[in-house]
Amino acid sequence: MKFIRQALIGLTLLVLTIAAKADEGMWLPFLLEQLNEKQMKALGMKISAKDIYNINKGSLKDAIVSFGGFCTGEVISSQGLVLTNHHCGFDAIQNHSTLDHNYIQDGFWARNRSEELPNEKLFVTFIIRIDDVTKEVMNGVSPDMKETDRQSQIDKNIAALRKSSKKESYQDNFVRSFYEGNQYYLFVTETYKDVRLVGAPPSSIGNFGKDTDNWMWPRHTGDFSMFRIYAGKDGKPAEYSPENIPYVPKKSLSISLDGTVANDFTMVFGFPGRTTEYLHSSAVEQIMNVNDPAKIAIREKALHIINGYMRQDEQLRIMYAAKYAGIENSYKKWQGEVLGLNNSNALDKKRKQEAEFQKRVDARAEWKEKYGTLLGDLDALYKEFKPYGLARDYYTEVVSKIEMFTIAAQLNLLVTSYDRDGEKGYQGRLAAVQNNLKDFFAEFSPTVDKKVFEELMDLYVKEQHPEKPNGDIHQLTEQLYKWELLDKTAAEALLKKDPATVVGILRSSLVVQLYNDLQKNYATKTQAKLTELQNKINQKQRTYMQAQMEVFKEKTFYPDANSTLRVTYGKVNGYAPRDAVSFDYYTYLDGVLEKYKPGDYEFDVPAKLRELNKSKDFGPYGKNGKMPVCFLASNHTTGGNSGSPALDAYGNLVGLNFDRVWEGTMSDINYDPAICRNIMVDIRYILFIVDKYAGASNLIAEMKLVHPKAKTR
Ligand code: ARG
Ligand code: GLU
């Protein structure tokens, strides 16, 4: 009896933990059948794991691309049409914009194929196949090996594997480590380099709400843009050529016009960048109490200064818009992260897990011997790591915000190349440096930078080098910012001189000297120790991961994100972040108009959109007289999932992922199903904008629109 009761309790506990985990996890598509299919079906999925990943015939994964290596995109027509976010396509949109054709401001729509715009550095990558190659990679690796020997054995095995593994001549492959170095998977890929811009809404739609609304719910952004993949005449990858033809995909997504309601199953398919879900509590504590707050404080200063100038000067506003958005994006995310880690009691949770881990380990001799001191070791290592981790963050944050150092770094490359390989080395570098500086100067103001330098350096010296006298920062700033090479024309003129002269001038430059001093100081005092400790931590963390998987056998572990293709699934739902505050899961066009501020930099609304809302001219895309805009679900996503498709129970496209809610950004470290939500644009809003706003019905005609809910009505 007692036994049965215990077994029952055990079973309920098991079911509870599995149920609670329903939304957490970024899963490998080739392991879904084995690990997730059952649960996905229980949550409402109507297709099978094989429909998602199948190497023998077209499956959903064949419609998903890594977009430029930093975002996700998906194929939505049989003619290679690709959907991604506006902020993912922004670079392309910006590069094609001039004062006469301001596609950022006005949007862009190719009316036919010949108007589609090529993008030199853009590419998309398909995943053809994924194989578990752990055994092959671990060949000849033994537990008592030195770390460096271990790594070189692994590198050797990977190189051999990459050579011998089967693939077509136009394909490529790479091997990545998973579960902190416990497993290795090989990816066969196909990369297309002719990707052309097809369409983008004006940023008053595509980036509506800008920084104020970023990471926030309720959201009203139509964050999308469209591209087309072109292939050679044989349908295979090819360099750009006007002769190329639209790529015919193995699979393109069908698009549902039926929308979603609460508790509908959804999955997001894409390339999440980086998460750290299996850290020791000491590491989490450092992130929330030391590193995030330091980085936030530095960025706050920089943003405050830049914003001040942007508000005074229209020219500076345009110049610094993208940079400001970039600095602000992480600044705001880290704040949400700290808040969320606190609110979700992440530390308590971790510590409880660790106590349970230790209890189980101590109870079994074999584990105790292997893993008995692991937690203590990690804790000690993190304590030692702390000041170095902080120094790293200070250095990288401060130096990267001071743009004078960007010029110094570029010019210094010429000096180091000259020192290494003489004139030949110098000449080999010159074109790249000239190019980089040209791009750099297009978005640089010495006035703004001078202020940033003075304030950030003051902070840096106070916090990181209290031994140094701090009184003369102002004077130092005045002196440094007299540097003539802060001026584009002067820098260009300098590079016309002969190498020896240029190198001589640079060597005696105060700015270049300061930059080199800072760098050297960091390399010797911080970097060296940091690398040493990080290697030790990585090794322990690898063992800890392996141990957790062994000790918590009842749990299904997913590997941390590492920019490889993953599936995450959850349900459409709102959330309640604070006492008495609860958020609905849908927003509508009416809400765009509620936020409307005529002429405002963030909240202006194009006249045509206002008219369409007034006349309720929503075509087949509206619902009950309203136009859906964005919605929420509990899919576990992170940076890199931008542009990922949100799919319904049948695998139809229902939304386009582009953000997370602020209170839930700690999901990179501690996912909490109660408040972690991903934000998607409703696909019907995208179609409405393409069709009704832009009149690009030629694009709609390419797509396959479906009504999956009609069946069940
Ligand atoms: N927060 C989203 C992501 O991390 C969107 C960023 C782009 N939008 C913006 N307003 N900055 O990347
Ligand atoms: N906007 C993010 C991206 O660019 C996705 C949001 C997130 O971090 O979840 O990938």
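The values are calculated or read from the model by the stated rules, or taken from the named source; none is laboratory data. As the structure is a computational prediction, the values presented were derived from the model and not from experiment. Cβ sites come from the backbone with ideal geometry, for glycine too, and all protein chains shown count toward neighbours. We work out accessible area using only protein heavy atoms, side chains counted, and drop any ligands, DNA or RNA first. Shrake-Rupley method; radii C 1.70, N 1.55, O 1.52, S 1.80 Å.
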Subject >> Ranked by how many other beta carbons lie within 10 Å on average, peptides 635-642, 567-574 from highest >> reply: 635-642, 567-574
**OP:** Specify which residue in the list I537, L303, P249 is farthest towards the positive end of the charge dipole of the chain, using unit charges on the beta carbon of Lys, Arg (+1) and Asp, Glu (-1), about the Cα centre.
**Re:** P249
Original post:
Counting only heavy atoms of protein chains, what accessible area per residue, in Å², does segment 373-462 have with a probe of 1.4 Å?
Top reply: 43
**OP:** Could you check how much of the accessible area of the chain is carbon and sulfur, as a whole percent, using a 1.4 Å probe?
**Re:** 52
**OP:** Would you compute, from DSSP H runs of 4+ residues alone, the mean residue ellipticity of the chain at 222 nm, taking -39500 (n - 2.57) per run and dividing by the full residue count, rounded to the nearest 500?
**Re:** -14500 deg cm²/dmol
Original post:
Given a 1.4 Å probe, how much area per residue of segment 230-351 is accessible, in Å²?
Top reply: 42
Original post:
Working out 0.36 nm times the residue gap between K424 and K121, then minus their Cα-Cα distance, what length gain in nm do you get to one decimal?
Top reply: 106.4 nm
Subject >> Solvent-accessible ranking of R228, R429, R317, R364, largest area first, probe 1.4 Å >> reply: R364, R429, R317, R228
Original post:
Excluding ligands, DNA and RNA, what is the solvent-accessible area per residue of segment 472-526 at a probe of 1.4 Å, expressed in Å²?
Top reply: 57
Subject >> Where labels lie 7 Å past Cα in the beta-carbon direction, separation of D149 and V261 in nm >> reply: 6.5
**OP:** Sort 344-353, 668-677, 365-374 for me by packing, meaning the mean count of neighbouring Cβ atoms within 10 Å per residue, highest on top.
**Re:** 668-677, 344-353, 365-374
